[in-house]
Each structure stands twice: as structure tokens, then as C-alpha cells.
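Participant: Below you will find the structure I want to go over with you.
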Amino acid sequence: MIAIGNQALVFIQTTLVGDIYPYGGRLSSDLANFGRNQIIDFLSYLHPRQTGGLLYTNLRTFLHFNTRDFFNLLTMAFDNEDFLHDVHTSKRRAFCDILLRVMVDDVQFSSNQISILFNFLSRQLAKAGQQHIFVQGMLFEQ
């Protein structure tokens, strides 16, 4: 299962930056745009009925599998100019908001995992001249 999880992380990372998995090379701009948005939609899909009310199970699965590597791939994607162009700012903000809600409101995440989240968010907030995300001040106080 670990090998499959690692392959899924690599697939997500290569798709978010517009590369072809597993062979390398670049996707066409239309396919890359489609793939990026589909990955974000997949990760932020609710499915409350199929999971007995648990929200964002796809995202939770990857966060629990390997939090550090998952945020590393998100950092690579959020630093990629093509990703920033193809994935609308409002969708990136909503995704970061989902990450916050999922991890801060869930007692199953350790303080180490939460610190990885806040490290990712602080990097996004620190980017000069870019309005990727807005974070409520009370979240940093928690």
C-alpha cells in the first residue's frame, strides 16, 4: 500500500506541474489545465454520503498517508507559474481554506502535522505581491 500511495503522490505532483506521468515530458496546455483543475477538484471533493458524514476523504487520506510529502508537492505546485495561471485564485484560496478546516478541526492530526500545514500557509502568505490566500488571525493563535 505504501508503494501505491507514493505513486499516487508522484502522479498528483506531476499532474499539478503539467508533466506526463510516468514518462516525463510536458502536457499540452489544455490537458495540463484540465488535469490541474481535476486534481484540485478530486482532493476537495466532499462525499459526505458515502463516508458516513466525514468530509474531504480524498484529501484526508493523503494528509494521513504522508503529510510532509503532500505539502511538499503542494508547495511545488503553488510555486509553478503555469499552475498559478491555470488554477483560479479563488479555487486556490478555497483549497487552502479546506486544508485549514480539515486539519485544525480534526483531533487526529498531530502537532507536527499541523506545523507542516502552517509552514505551507506561511510560505504562501509571504509571497511578495501575490494574493494567494487569506488566513484568519485566530487560526494562528490556536
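Participant: What number of residues in the range 62-76 are β-branched (Val, Ile, Thr) and either within 18 Å of VAL104 (Cα to Cα) or crowded, with 16+ Cβ neighbours inside 10 Å (or both)? Reasoning before the result, please.
Facilitator: First pass over the range 62-76, keeping only residues β-branched (Val, Ile, Thr): 67, 75.
Keeping just the survivors that are either within 18 Å of VAL104 (Cα to Cα) or crowded, with 16+ Cβ neighbours inside 10 Å (or both) gives 67.
Count: 1.
Participant: Ok, one more. For the range 10-33, enumerate the residues that are closer than 11 Å to PHE83 by Cα and surrounded by fewer than 15 Cβ atoms within 10 Å (Cβ to Cβ).
Facilitator: SER29
Conditions tested, residue by residue: (1) within 17 Å of MET76 (Cβ to Cβ); (2) in contact with an Asp or Glu (Cβ under 6 Å, 6 or more places away or on another chain); (3) in a helix (DSSP H, G or I).
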residue: ILE4; (1), (2), (3): no, no, yes
residue: ALA8; (1), (2), (3): yes, no, yes
residue: PHE11; (1), (2), (3): yes, no, yes
residue: THR14; (1), (2), (3): yes, no, yes
residue: TYR23; (1), (2), (3): no, no, no
residue: ASP30; (1), (2), (3): no, no, yes
residue: PHE34; (1), (2), (3): no, no, yes
residue: GLN38; (1), (2), (3): no, no, yes
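Participant: Could you tell me which of the residues ILE2, ILE40, ILE20, ILE12 is in contact (Cβ under 8 Å) with a residue 60 or more places away in the chain, closer than 21 Å to PHE71 by Cα and in contact with a helix residue (DSSP H, G or I) (Cβ under 9 Å, 6 or more places away or on another chain)?
Facilitator: On the way: ILE2 fails: in contact (Cβ under 8 Å) with a residue 60 or more places away in the chain; ILE40 fails: in contact (Cβ under 8 Å) with a residue 60 or more places away in the chain; ILE20 fails: in contact (Cβ under 8 Å) with a residue 60 or more places away in the chain.
Every option except ILE12 fails the conditions.
Participant: In the range 85-113, which residues are part of a helix (DSSP H, G or I), open to solvent by 30 Å² or more (accessible area, probe 1.4 Å) and of a type in the set (A, V, I, L, M)?
Facilitator: ALA94, VAL104, listed by residue number.
Participant: While we're on this one: All but one of (1) without any contact (Cβ under 8 Å) to a residue 24 or more places away in the chain; (2) open to solvent by less than 60 Å² (accessible area, probe 1.4 Å) hold for LEU59; which doesn't?
Facilitator: (1)
Participant: If you don't mind, another one. Scan LEU99, LEU139 and give me the residue that is in contact with a helix residue (DSSP H, G or I) (Cβ under 8 Å, 6 or more places away or on another chain), modelled with pLDDT of 85 or more and under 23 Å from THR61 (Cα atoms).
Facilitator: Details: LEU139 fails: modelled with pLDDT of 85 or more.
Result: LEU99 is the single residue among LEU99, LEU139 that is in contact with a helix residue (DSSP H, G or I) (Cβ under 8 Å, 6 or more places away or on another chain), modelled with pLDDT of 85 or more and under 23 Å from THR61 (Cα atoms).
Participant: In the range 50-83, how many are part of a loop (DSSP other than H, G, I, E, B) and modelled with pLDDT of 95 or more? Even if it seems obvious, please write down each step before you answer.
Facilitator: Of the range 50-83, the ones part of a loop (DSSP other than H, G, I, E, B) are 50-56, 66, 79-80.
Of the ones still in play, those that are also modelled with pLDDT of 95 or more are 66.
Qualifying residue count for the region: 1.
Participant: While we're on this one: If you scan the range 33-49, which residues turn out to be aliphatic (A, V, I, L, M) and modelled with pLDDT under 95?
Facilitator: Pass one, the range 33-49, residues aliphatic (A, V, I, L, M): 39-40, 43, 46.
Once the filter is applied, which keeps residues that are aliphatic (A, V, I, L, M) and modelled with pLDDT under 95, the range 33-49 yields only LEU46.
Participant: Checking HIS47 against (1) in a loop (DSSP other than H, G, I, E, B); (2) without any contact (Cβ under 8 Å) to a residue 40 or more places away in the chain; (3) open to solvent by 50 Å² or more (accessible area, probe 1.4 Å), which single condition isn't satisfied?
Facilitator: It fails just one condition, (3).
The values are calculated or read from the model by the stated rules, or taken from the named source; none is laboratory data. Because the structure is a prediction, the values reported are computed rather than measured. Methodologically, a virtual Cβ is constructed for each residue, glycine included, from the backbone with ideal geometry; neighbour enumeration extends over all protein chains shown. The accessibility values were calculated without ligands, DNA or RNA, using every heavy atom of the protein model including side chains. Shrake-Rupley method; radii C 1.70, N 1.55, O 1.52, S 1.80 Å.
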